[in-house]
Amino acid sequence: MTGSHCAERKWDERTNSLDLLFDLLSKSARRRVLETLITTDEVPETTVLDAVPDAASERLRVRLEHTDLPKLEAAGLITRNRESGLVRRGPEYDTIRPLLEALDDASEDLPGEWP
């Protein structure tokens with residue numbers, strides 16, 4: 001493999017990683033879960049659910065518990081312990097943290113509401 005081909009491969013991997021991070025941030029509920037964990041390593045799952053507007057609605061709660069949280073967990077951004085009811089930062093959380101912090105810093109300039 002030539003040097004330029006190796007650089008091209010690394011760029012593709014990074015692009016795919018950024019695509020994944022932006023996909024994970026594309027839903028407000030997931031952004032709120034990740035933002036909740038910026039200041040603490042773990043929170044009760046009820047706190048995570050309370051941070052999401054309209055989480056009291058059964059439909060949103062089901063989507064959060066069965067789609068959004070598992071998606072974040074599969075990406076390694078969170079871990080969930082159903083026995084203790086805790087949601088923790090996952091092993092890959094620091095991958096998305098700079099992006100969360102940059103978005104938070106620019107929140108007044110972003111369209112809509114952050115998170």
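Readers should treat all values here as calculations from the given coordinates under stated rules, not as data from a laboratory. Keep in mind that what you see is a predicted model, and the values were worked out from it rather than measured. Glycine also receives a Cβ, built like all others from the backbone with ideal geometry; neighbour counts cover every protein chain displayed.
Per-structure values
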item	result
Largest-first ellipsoid semi-axes for the range 49-113, taking √(5λ) over the Cα gyration tensor eigenvalues, angstrom	23, 18, 9
Spin-label pair residue 104/residue 50, simplified geometry with 7 Å Cα→Cβ offset, distance in nm	1.9 nm
Virtual spin-label span in nm between residue 86 and residue 61, 7 Å along Cα→Cβ	2.4 nm
Relative exposure of 50, 68, judged by other C-beta atoms within 10 Å (fewest first)	50, 68
